[in-house]
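Undergrad: Provided herewith is a single structure, encoded as structure tokens, for subsequent inquiry.
Nothing in this text is a laboratory measurement; each read-out follows from the coordinates by a stated rule. The model shown is predicted, which means the values in this text are computed figures rather than measured ones. No Cβ is skipped: glycine too gets one built from the backbone with ideal geometry, and neighbour counts run over all protein chains shown.
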There are 2 protein chains.
Amino acid sequence: MESFIAHNPTSLHFGKDVLSGLGHTLQLYGKKVLLVYGKGSIKKTGLYDKVIGILKEIHAEVYEYNGIRPNPVIEDVDAAAAVGREHGVDVILAVGGGSVIDSAKIISITIPVQHPAWDFITRKTKPLKAIPLVSVLTLAATGTEMNPFAVISNHGEKFKDGYGSPLMYPVHSFLDPQLTFTVPRNYTAYGIADLIAHSFEAWFGAGDATLSDRFILSIVKEAMDYGPALLNDLENYTLREKIMYAATMALNGLTLQGKKSGDWGVHSIGHILSLLYDIPHGASLTIVYPAWLKHIEKNYPDRIGLLGSGIFNESLTSHESIWRIEEMFRSLACPVRLSETGISADKQKIYDTLLFNKVSGANYALKADDLHRIVELFM
Amino acid sequence: MESFIAHNPTSLHFGKDVLSGLGHTLQLYGKKVLLVYGKGSIKKTGLYDKVIGILKEIHAEVYEYNGIRPNPVIEDVDAAAAVGREHGVDVILAVGGGSVIDSAKIISITIPVQHPAWDFITRKTKPLKAIPLVSVLTLAATGTEMNPFAVISNHGEKFKDGYGSPLMYPVHSFLDPQLTFTVPRNYTAYGIADLIAHSFEAWFGAGDATLSDRFILSIVKEAMDYGPALLNDLENYTLREKIMYAATMALNGLTLQGKKSGDWGVHSIGHILSLLYDIPHGASLTIVYPAWLKHIEKNYPDRIGLLGSGIFNESLTSHESIWRIEEMFRSLACPVRLSETGISADKQKIYDTLLFNKVSGANYALKADDLHRIVELFM
């Protein structure tokens, strides 16, 4: 195992009707609230009215920034931070999925400074403080609710990348599985794929941490035991709850304890597909993973075989494991080739953008040749 | 799943030579340090000198309280708290195993008050603040390094019980597996038994939390894959590290998320055996668990069968599972009957003390008849 310091400061409020504690929690931080949300789905579901009701009860001064896009962009972050800065907000309340909460994390470190958020992402400067962030999650997928990471795009720069700072953990995250009832079938599936992919990134990270490996397999098995069933029963509370909890545990640090890092090569490639073609994050991962596994198979057959055998509870070769993992993604109705999305993609453009973004994995480094072959394999 | 709020404030410093960060960490809290330790084994191993060296480097004012006994007693807590109170210490540094850290937790809430610590344990009054506690762990077993619980005895009152408060989490815990190299074979085994028993208490808790169940099985399997090997290779870093990490994860809240509580019936009975006969905690648990399982088997065959099947990776009945669990404890060279300890125990006295302490489980309540039969079964 690698040495590590484990400390996750987020308070996770999980379960039915946990929003009853939201008002009290917000009051711990002050009166002025920057409410950040997306393109209005929370208005359709009634969640917006519910949250506004809670904010009224505690007599909060509310400033809103809405319209955060899926695959969020840096322009929204700067615009929202300007609103927060102008009004001197005490706390940010992010209501939505990964895109909204990721944006809010970068907003939280951008409000206290005078420069654009992009200076953080390009590592030109480091954040020194953050406005406390409280999140209400509406999509089980990214794990952002209990980690210090965010992913953001800059279309002007043709760049999409992850960014993290210990200041970016939400102070509190509220997870009521009922709030995910209205997530449609395809996005529910992409969320399950995302949590499985996060587990895989940890599995293929560097470092021998056997208990973390067991936790990883536990999370993937949980997702497979209940995920496909959920796709046919979208308002089943018990299934929603199992997937929502698994998604949080898949990327809150637990699976990486004792490892040097996750790999994140597949995520890096997936981000580029989302940047170029606005492919949902989870779908980009199910497209890239089989190709990536096939490409690295000759170098790491044991590790792949161990993963497949662990998930499917039978002794499998690496070859069989890859095939079964591809089938697993298919059982979630997710694409496993780019062509299955119906997008007419430009191979050369993908390849060039991968190179331009210096896409690689932390454990299994990807050079130009590797990227070329992986692109061929997932087209 | 049950609703829950998850938040563990302890920073866990895990790995080889993590003590290099101890001085810096202590300085965050102030200059005056109350150093709490046991009966001197840390002097034999050289750890005491090392810690004193670190304290000198940061020019700490050190006040010592030593002599904390295994199965710690309330008298030591009050005496140590008096030392801390007199000198107005800023931080407590506990160096030792579960007994030392448990005592230090209660010391941390007793220093700020004028009444005896026992008033907390009997729930006469509640703690309102605590002196920050930093721990250096020398025994992989109880999980106290990352939870808010302590177990304490009062021989005058013939009472041994657990106590918990959110104020009692250590702020930092330092776990270097090398510091457990000198733990003798029998106490190493009791520690492994203890972490397995903690996992079992969570397994038999109330509430349907499938992912937590998977985590529980992961921890028990980790303990069984590496524990017996460790008993024959006590200075093997990799094995020590795996067991030390598993012990922390077995009782830091992870396995109970989504459950109402653990059961703790076996622990309650075990505490009484330790109180009466000074039996090491882990050994008391391997004596009681088979008896408890046999007693509850008729009511919960499925749950027991699922546990056995999960640990041993084959389909087992409840009867077979209990037999295999007993064998598992034997493979750790732990007693599974009280008679195997060589203690000439008084059945009636045990039974009376169990009743006097109102021993029960949170999920499977134990009445007088149950206790009577369990005592018969473990003699």
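Undergrad: Could you work out how far apart the two model spin labels at A:Asp302 and A:Lys56 are, taking each label as a point 7 Å from the Cα in the direction of the beta carbon, and quote it in nm?
TA: 6.4 nm
Undergrad: If you don't mind, there's one more thing I want to ask. Show me A:364-371, B:37-44 ranked by packing, highest mean number of other Cβ atoms within 10 Å first.
TA: B:37-44, A:364-371
Undergrad: If you rank A:Ser321, B:Ser360 by fewest surrounding Cβ atoms within 10 Å, what's the result?
TA: Going from least to most buried by this count: B:Ser360, A:Ser321.
Undergrad: Sorted from shortest, what are the nm distances separating the label point of B:Glu314 from equivalent points in the other copies, each placed 7 Å from Cα along Cα to C-beta?
TA: Copy-to-copy label distances for B:Glu314: 1.9 nm.
Undergrad: Measuring from the lowest to the highest alpha carbon on each principal axis, how far does the protein assembly as shown reach, largest first, in angstroms?
TA: Projected onto the principal axes, the Cα atoms of the protein assembly as shown cover 82, 56, 48 Å.
Undergrad: Quick one: B:His267, A:His319, A:His198, B:His24, fewest Cβ neighbours within 10 Å first, how do they rank?
TA: Result, fewest neighbours first: B:His24, A:His319, B:His267, A:His198.
Undergrad: A further question follows. Label position 7 Å from Cα toward Cβ: report the copy-to-copy distances for A:Gly67 in nm, one decimal, ordered from shortest.
TA: 7.3
Undergrad: Of all GluC sites (Glu not before Pro) in segment A:300-347, which ones are in loop regions per DSSP and have a Cβ with at most 13 other Cβ atoms within 10 Å?
TA: Answer in residue order: A:Glu314.
Undergrad: In degrees, nearest 10, range 0 to 90: what is the angle between the Cα axis of helix B:301-312 and the longest Cα principal axis of chain B?
TA: The angle comes out at about 60 degrees.
Undergrad: Here is a further query. Output, in nm with one decimal and in ascending order, the distances from the A:Gly40 label point to the matching label points of the other copies (7 Å from Cα along Cα-to-Cβ).
TA: 7.9
Undergrad: Nearest 10 degrees, 0 to 90: what angle lies between the long axis of helix B:210-231 and the longest principal axis of chain B (Cα atoms)?
TA: Helix B:210-231 sits roughly 80 degrees off the main axis of chain B.
Undergrad: Can you return the lysines within cross-link range of A:Lys221? Criterion is Cα-Cα under 17 Å, with same-chain partners fewer than 8 residues away left out.
TA: Qualifying lysines at Cα under 17 Å: A:Lys242, B:Lys221.
Undergrad: Suppose every K and R has +1 on its Cβ and every D and E has -1 on its Cβ; what is the size of the dipole of the protein assembly as shown about the Cα centre, in Debye to the nearest 20?
TA: Computed charge dipole of the protein assembly as shown: roughly 840 debye.
Undergrad: Related question: Which value in nm describes the separation of the simple spin-label points at B:Leu28 and A:His115, placed 7 Å from the Cα toward the beta carbon?
TA: 2.7 nm
Undergrad: Can you give the % of DSSP beta bridges in segment B:11-180 that are antiparallel, to the nearest 5?
TA: 20 percent
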